[in-house]
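Just so it is clear, none of the values below were taken in a lab; they were calculated from the coordinates. Being a predicted model, the structure only gives us computed values, none of them experimental.
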Amino acid sequence: MIEHGFMIATRTASVILGEEAKGLSPAALGRLKAQWAEEHAAWQRRSLARGLETAPLLAIGDGAMGFWAALDEAYPETRQQRCWVHKTANILNELPKSKQGTAKAALQEIWMAESRKAAEKALEVFVRNYQAEYPKAVAKLEKDRAELLAFYDYPAEHLATYPHHQCH
């Protein structure tokens, strides 16, 4: 029974973490599950609905699973926008220091693009330029592609005030 539970937890972690889940021990999976449950409970205690009369259209956050689970319970209709500051840092961690400046500028081309079409084009350029040598960096970008570009689905006048650096 324990082995069956571990296999289910491993598959679940693989879906959530992608390539990063390979080789995780039962102890590591247990720690991740406990951390996510703790984050979820903390966000529930914060009462996401406090002071809001209507659900937000878009919420910005990093990859904290507890935040997204609590948000989904409070506001299932709210779309997710992944924080570009956190995502950029995670991607740059997969690159040697000598490549980070150029890669950071390329990532900024994506989130600072005038339109979704331009952002998609800049994203494809990043993938093309880094996929062969740095597939882990590219995987981190592509993993949250929809959530990273969600803000482009809203009127352009809102983009000028989009707080790219502020997440939950």
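Starting from the Cα-Cα distance between R31 and K121, subtract it from 0.36 nm times their residue separation and give me the gain in nm to one decimal.
28.6 nm
Check cross-link reach from K121 to the lysines: straight Cα distance under 27 Å, and skip same-chain residues fewer than eight apart.
Within the straight-line limit of under 27 Å, K121 reaches these lysines: K87, K97, K99, K104, K136, K140, K143.
What is the mean projected area of the alpha carbon convex hull for the stretch 56-168, to one decimal in square nanometres? It would help to have the intermediate numbers written out before the result.
Values: hull surface 27.6 nm².
Answer in nm², one decimal: 6.9.
Check which residues have an amide H placed less than 5 Å from Y75's amide H, if you skip close sequence neighbours.
none
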